[in-house]
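Trainee: Following this message is one structure expressed as structure tokens.
Read-outs: derived from the displayed coordinates by stated rules, not from any lab. Just so you know, these numbers come straight off a predicted model, no measurement behind them. Because the Cβ atoms are built from the backbone with ideal geometry, glycine has one as well, and the counts that use them run over all protein chains shown.
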Amino acid sequence: MGRERIDLSERSSEAYAIERTEPVITNDIALETRFVFPPFLVEHGVIALVNVPILLPGRTPFGVLQVDARRVRTFDREDIAFLKTYAMTLGPVIDRLKTVAELRATDERLRLFVENARAYVLIVSDAEDRITDWLGGSQEILGWSAAEVMGQRTDLIFTDEDRAAGIPERELSGAREHGAAANVRWHRRKDGSAVFLDGQTIALKDPREGLRGYLKIGRDVTEDKLGQQRLEESEERLSSAIEVGQLGLWDWNVRTGEVHWSDGHFRMQGYVVGEVTPSYEAWASRLHPEDRAATEAALQAAMDSRTEYAREFRTVRPDGEVRWHYARGRFSYDEHGRPVRMVGAMVDITERRQWEEIQKVLVAELQHRTRNLIGIIRSLADRTARASTDLPDFSARFADRMDALARVQGLLSRLGEQDRVTFDELIHLELSAVGGQPERMRLEGPKGIRLRSSTVQTLAMALHELATNAMKYGALRQPQAHLQVTWSFEAEGPGGKPWLHIDWRETGVEVPAAGAPRAGQGRELIEQALPYQLGAKTTYALDADGVHCTISTPVSLQGPPPAA
């Protein structure tokens with residue numbers, strides 16, 4: 001007669017019958033006030049009707065069996081009993097038909113799923129873990145055919161290491177206890193190659209019969225796993241390179257202001273990793289006050305001109321230590337040319353800057369010493385030539401004095417930036433060079449009196465002249481003679497500067513009546529060159545039993561160590 005959808009909340013006799021799960025009778029719809037009837041019933045002349053609910057097993061409502069009549073009719077008990085019996089018969093039949101249809105649909109969906117799940121390993125095994133079904137992409141992924149694996153245990157796809165460690169048994173035990181157990185690990189193919197499966201083992205249980213078997217399902221993610229491993233290895237290599245290179249990396253989102261620092265960047269700024277929230281201001285606030293304006297201006301210029309940012313600047317760590325850094329970075333821009341991101345790296349160049357400063361000092365010192373050395377050699381050559389009788393005499397004298405100069409240069413070349421030649425080193429060096437016998441010499445004075453580097457060469461030449469003359473004519477030549485050299489340190493001498501006082505005294509020397517040639521270049525060097533070049537005060541006298549010479553000269557402000 002017609003079709004109409006009726007909501008169970010409406011005032012209908014059908015909804016009322018389902019709600020009460022009892023037959024509902026209407027003898028004349030024209031007189032019925034409880035319900036509202038569909039128009040098509042009235043149009044077809046329906047007067048009387050009865051609604052009997054159809055219940056599925058468990059008294060679950062399925063629908064109603066409705067009987068209509070075009071005349072007034074009173075449904076008696078026999079009519080109702082018959083209809084209830086008929087409805088009771090329909091319930092199980094409908095339930096069976098529904099179940100069959102659902103099973104057929106389920107079987108079809110399962111068939112389609114299994115046939116199309118080629119990226120998955122699907123293995124069904126019995127309660128003893130013997131393989132009963134080899135489904136999905138099991139053959140394509142693992143290499144075995146269904147015929148080859150039927151009846152075998154599923155541990156054949158596990159690696160030797162996992163089998164030895166008891167992993168397959170633990171996995172089955174976990175599935176029995178919890179319903180499912182993760183199976184995310186490397187497995188082996190028939191040809192022995194490795195395949196990584198991401199899945200689980202599920203225990204198949206029946207409420208009545210208990211454990212029926214297991215379903216092992218896993219997706220082949222070998223390429224993803226290998227890619228992840230390659231990425232991790234690459235990141236590890238990059239991290240190692242960054243650590244070895246002592247780099248501080250940053251990634252700055254210009255739009256949001258968000259900044260990421262590497263661990264090395266935190267340490268370079270003087271922070272513990274994670275101690276502060278990275279930001280532009282966190283970096284800029286650590287810039288040295290004298291460098292901040294220029295450094296930020298260079299950064300803005302690089303952003304505006306789309307050029308690489310490269311800058312050396314100083315930073316002040318939280319503990320006050322000043323460090324030099326060299327930073328390089330590039331901006332990236334959107335399609336409208338607006339900066340969106342900046343990535344860069346920074347290295348600590350403090351030691352390099354320090355060495356550059358040291359190098360400048362050393363170069364200046366080298367130039368100064370070279371000029372002094374050239375002057376000394378020129379003076380030596382001139383004075384030696386005037387004191388020599390002929391060319392062989394000049395050659396011998398000049399070579400001897402050049403050897404003395406070379407010894408001093410050897411001392412100076414071994415010194416560090418803050419090191420100085422000490423007087424006790426110098427006097428022992430010169431007396432050893434001329435072969436003086438220790439038992440005929442007495443050297444007495446404090447150790448460690450530091451000489452000015454600019455004065456060492458001239459003072460060494462003076463000591464060399466004294467030692468050479470003593471070896472040729474005086475205390476170091478005559479067996480009965482002796483040499484005594486004493487020195488002292490005066491912290492505040494003339495002019496408030498530290499001074500070194502040297503007393504050279506020869507005794508027991510037989511001086512010829514006519515006088516030995518004991519003056520010459522050595523005496524001229526002591527009496528004229530030392531006062532002129534070093535500001536020294538000197539005396540030189542040839543007494544009846546040998547030479548007596550005193551030299552007082554300014555020395556390094558640092559003076560001798562306290563032990564002296």
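Trainee: Report relative contact order for the chain in percent, whole number only (criteria: Cα-Cα under 8 Å, sequence separation at least 6).
Mentor: Working: 865 pairs, mean separation 32.7, N = 564.
About 6 percent, as a whole number.
Trainee: Go ahead and run the numbers for FRET between residue 527 and residue 364, Cβ-Cβ distance against an R0 of 35 Å, rounding to 0.05.
Mentor: Taking R0 as 35 Å, the efficiency between residue 527 and residue 364 is 0.65.
Trainee: Measure nothing but the geometry: give the 0 to 90° angle between the long axis through the Cα atoms of 167-178 and the longest principal axis through the Cα atoms of the chain, rounded to 10°.
Mentor: 50 degrees
Trainee: Can you give me the relative contact order of the range 117-226 as a percent, contacts being Cα pairs under 8 Å and 6 or more apart?
Mentor: 28 percent.
Trainee: Just want the ordering: 463, 90, from fewest to most Cβ atoms lying within 10 Å of their own Cβ.
Mentor: Ordered by Cβ neighbours within 10 Å, fewest first: 90, 463.
Trainee: Tell me, what is the Rg over Rh of the chain, with Rh the Kirkwood radius over Cα pairs?
Mentor: Numbers: Rg = 54.5 Å, Rh = 36.9 Å.
Over the Cα atoms of the chain, Rg/Rh equals 1.48.
Trainee: Could I ask something else about it? Order of 155, 319 from fewest to most other C-beta atoms within 10 Å?
Mentor: Fewest-to-most Cβ neighbours within 10 Å comes out as 319, 155.
Trainee: For 325, 260, 548, what's the fewest-to-most ordering of other Cβ within 10 Å of each Cβ?
Mentor: Sorted ascending by nearby Cβ count, the order is 260, 548, 325.
Trainee: Sticking with this one: Which lysines, on any chain, are close to residue 537 with Cα under 24 Å apart, when same-chain ones fewer than 8 places away are left out?
Mentor: 447, 497
Trainee: Are there any GluC sites (Glu not before Pro) in the range 303-358 that are in a DSSP loop and have at most 16 other Cβ atoms within 10 Å? List them by number.
Mentor: Passing sites in the range 303-358 are 308, 321, 335.
Trainee: While we're looking at this one, here's another question. Given a Förster distance of 45 angstrom, what is the FRET efficiency for residue 428 paired with residue 243, based on the Cβ-Cβ distance and rounded to 0.05?
Mentor: Efficiency, from the Cβ-Cβ distance: 0.35.
Trainee: Angle, helix 222-244 long axis vs. longest principal axis of the chain, Cα atoms, 0 to 90°, nearest 10?
Mentor: Taking the Cα atoms of the chain, the angle to 222-244 is about 20 degrees.
Trainee: Taking only Cα atoms, what is the 0 to 90° angle, nearest 10, from helix 423-433's long axis to the longest principal axis of the chain?
Mentor: 60 degrees
Trainee: Work from the charge dipole of the chain (Cβ charges, +1 for Lys and Arg, -1 for Asp and Glu, about the Cα centre) and give the residue of 344, 75, 299 farthest towards its positive end.
Mentor: Of the candidates, 299 comes out farthest on the positive side.
Trainee: Here is a follow-up. Have a look at 260, 284, 310 and report the one farthest towards the positive end of the charge dipole of the range 245-348, computed about the Cα centre with Cβ charges (Lys/Arg +1, Asp/Glu -1).
Mentor: Farthest towards the positive pole: 310.
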